[in-house]
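Here is the structure we will look at, set down as structure tokens.
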Amino acid sequence: MVPVLLALQMAAVGAQPAAPLQSPATTCYEVFVRSFYDNDGNGIGDLPGLTKKLDYIAGLGVDCIWLMPVAESPSYHGYDVTNYYKVEPDYGTNGDFRTFVRAAHQRRIKVLVDLVLNHTSSDHPWFQEALRDTAAPHRSWYLWSKTPARNWHKSPVRDEYYFGLFWSGMPDLNYNNPAVLAEMKKVAQFWLEDMGADGFRLDAVRHLVEVGDQVSNTPGTHAVLRDFGGYVRRIAPKSYTIGEVWDSTGAILSYYPDQLDAYFAFPISEALMQAVRSGKAGDLLSTVVRFQSVQPAWRWAPFQRNHDQTRTMTALANDVAAAKLSATLLLTLPGLPFVYYGEEIGMTGDKPDERLRTPMQWALAPAAGFTSGKPWEALQPDSFTANVAVEDRDTTSLLNRYRRLIHLREANGALRSGALVPLETGNDAVIAYVRKDSSHMALVLANLGSEPAENVTLSSTDQAVEPGRYAVRNLLGGPSAQTLVIGNDGRVTGYLPLPAISPKQAYVFEIVR
Ligand SMILES: [Ca+2]
Ligand SMILES: [Ca+2]
């Protein structure tokens, strides 16, 4: 018999999952299949089209793709599923998905699929059957009430209500019934084992289980994720699960250590965009340090914007310099950064949602080369200037900045997995940090403001950098910085890397002996 204390320690060790990927992903790219590339000319992006564009994605340097939902759905976005075991016919067949995954794997790219656990489509046969027949086997897979209330929707067939947090077309599944989670484990197993996926992005996971009026972050929700995350880890130890908990840092941190592998760091996204927009560093580094101090970097994911938010370029008022600055910060922070498709060419877009998810802009051609037919959604008005073909040819383009940064991150251990050490700049418009692992160091320095920053000196606490004399070389092309000399206290003190930093300018240096 194992003594109780030892058993508890073993349980605690077992609760913290080890890094799940052979080599944890470096940068992940979020794709909306409907808008990426149309192979057959019907105006709708599809999996064969996406497969044809894999060399473009691989050329960015990313080693991971998140596909927004690809399961059968009546909506354009796919977040209301009618068959969890079948690819949406607009996108192709299950065979087309497998072909895509094989082609991605040949390029060392992992594939995460969006999985919607919280609700199904109201058109799902489970719900239709439950709606019509109160004795149906799937009746207790949904939530029913005789009385109306907020988020409860009138049944079209009898005098009763069903719960749907997002809208009437998305009835919530009832995770108080263990059969629901058992089914969703089967779904996960299907995508991992039969379809070849490497893991999941999990939608709206803070809403899984309701307690009365409380619809977020309930103990029951944590319990379901603990069970689901553990199951996926057991059947596919190298898989990766990342959840959407669109909430405060404290709320997100409550989903560790033993539930999903990772979560999107929404507060870092907010602080990053706020810093670049306002020209003031604000909370950005303290927010990153808070995540870093409690969880390893592979377990949280910074980003700029996703498919639910005003696009980065629009949020930055079409300022290309600001977009380069924002990308440079994102791709030099710790964590697993996610890039929403089109951010790398500066695509624009604002609400309604369809306009955040418009067709990818490939070329100076009809429908920007997305389709030979009529695109399912009109392109953005800037497709003539912001497209892959135009930016390919310009070495200073946003696209080429992304490629350079993503490849740099992949090649440089400090940028890929090193700890972040914040530096004091004495100027809120100037942000500076060191990234360091056991053998490499990098320095990131940026002027977020719209005025030149002159004579900005950097300083740190003790033990920030090993004592020594260092060359500080520019990794993006351009001037090197002043030699850095660190005394025995390991403190950066009064270090003036450059006499002046231009507005919206970001530098990435390597620090070498
Ligand atoms: Ca198509
Ligand atoms: Ca729910």
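The values are calculated or read from the model by the stated rules, or taken from the named source; none is laboratory data. What you see is a predicted model; the values in this text were computed from it and never measured. So basically every Cβ, Gly included, is an ideal-geometry build from the backbone, and we count neighbours across all protein chains shown. Each accessible area value is taken on the protein alone, full model and side chains, heavy atoms only, with ligands, DNA and RNA left out. Shrake-Rupley method; radii C 1.70, N 1.55, O 1.52, S 1.80 Å.
Points to keep in mind about this one:
- Within the range 115-142, being charged (D, E, K, R) and either assigned to a helix (DSSP H, G or I) or buried (at least 22 other Cβ atoms within 10 Å of the Cβ) (or both) holds for 129, 132, 139.
- So residue 108, is it assigned by TED's automatic domain parsing to the domain that holds residue 206, touching a residue at least 24 places away in the same chain (Cβ under 8 Å) and surrounded by fewer than 17 Cβ atoms within 10 Å (Cβ to Cβ): yes
- Checked against (1) acidic (Asp, Glu); (2) out of contact with any helix residue (DSSP H, G or I) (no Cβ under 8 Å at 6 or more places or on another chain); (3) farther than 28 Å from residue 220 by Cα, residue 114 passes all but condition (3).
- Failed item, numbered, when residue 188 is tested on (1) surrounded by fewer than 18 Cβ atoms within 10 Å (Cβ to Cβ); (2) touching a helix residue (DSSP H, G or I) at 6+ places or on another chain (Cβ under 8 Å): (1)
- Evaluated against (1) open to solvent by 10 Å² or more (accessible area, probe 1.4 Å); (2) assigned to a loop (DSSP other than H, G, I, E, B), residue 334 falls short on exactly one condition, (1).
- Subset tally (residues that are without any contact (Cβ under 8 Å) to a residue 24 or more places away in the chain and among the hydroxyl-bearing types (Ser, Thr, Tyr)) for the range 228-261: 1
- Unique residue being buried (at least 23 other Cβ atoms within 10 Å of the Cβ) and away from ligand 1 (no atom under 16 Å from the Cβ) when the list is 199, 230: 199
- Residues that are open to solvent by 10 Å² or more (accessible area, probe 1.4 Å) and in contact with a Gly (Cβ under 7 Å, 6 or more places away or on another chain), drawn from the range 457-480: 457, 459, 462, 463, 466, 467
- Residue 213 meets the conditions (1) open to solvent by 20 Å² or more (accessible area, probe 1.4 Å); (2) under 30 Å from residue 85 (Cβ atoms); (3) out of contact with any Ser or Thr (no Cβ under 8 Å at 6 or more places or on another chain) in every case but one. The failed one is (2).
- Hits in the range 141-156 (condition: among the hydroxyl-bearing types (Ser, Thr, Tyr) and within 23 Å of residue 178 (Cα to Cα)): 142, 145
- Hits in the range 364-376 (condition: in a loop (DSSP other than H, G, I, E, B) and either within 12 Å of ligand 1 (Cβ to nearest atom) or in contact with a Phe, Trp or Tyr (Cβ under 9 Å, 6 or more places away or on another chain) (or both)): 364, 370, 371, 372, 373, 374, 375, 376
- Residue, nearest to ligand 1 (Cβ to nearest atom), within the range 159-177, restricted to residues that are within 25 Å of the chain's Cα centre (by Cα) and assigned to a loop (DSSP other than H, G, I, E, B): 170
- Scanning the range 143-173 for residues that are farther than 16 Å from residue 212 by Cβ, open to solvent by 10 Å² or more (accessible area, probe 1.4 Å), away from ligand 2 (no atom under 15 Å from the Cβ) and of a type outside the set (Lys, Arg) returns 156, 157, 159.
- The range 342-357, residues that are within 16 Å of residue 31 (Cβ to Cβ) and in contact with a helix residue (DSSP H, G or I) (Cβ under 6 Å, 6 or more places away or on another chain): 343, 344, 345, 349, 357
- Among the numbered conditions (1) at pLDDT below 95; (2) touching a helix residue (DSSP H, G or I) at 6+ places or on another chain (Cβ under 7 Å), the only one that residue 384 does not meet is (2).
- A single member of 38, 90 is open to solvent by 30 Å² or more (accessible area, probe 1.4 Å), at pLDDT 95 or above and more than 16 Å from ligand 2 (Cβ to nearest atom), and it is 90.
- Among (1) open to solvent by less than 20 Å² (accessible area, probe 1.4 Å); (2) part of a helix (DSSP H, G or I); (3) closer than 18 Å to residue 64 by Cα, the one test that residue 298 misses: (1)
- Residue that is in contact with a Lys or Arg (Cβ under 8 Å, 6 or more places away or on another chain) and under 30 Å from residue 220 (Cα atoms), where the choices are 130, 135: 130
- All told, residue 187 meets the bar of being aliphatic (A, V, I, L, M), in a helix (DSSP H, G or I), away from ligand 2 (no atom under 15 Å from the Cβ) and closer than 18 Å to residue 142 by Cα.
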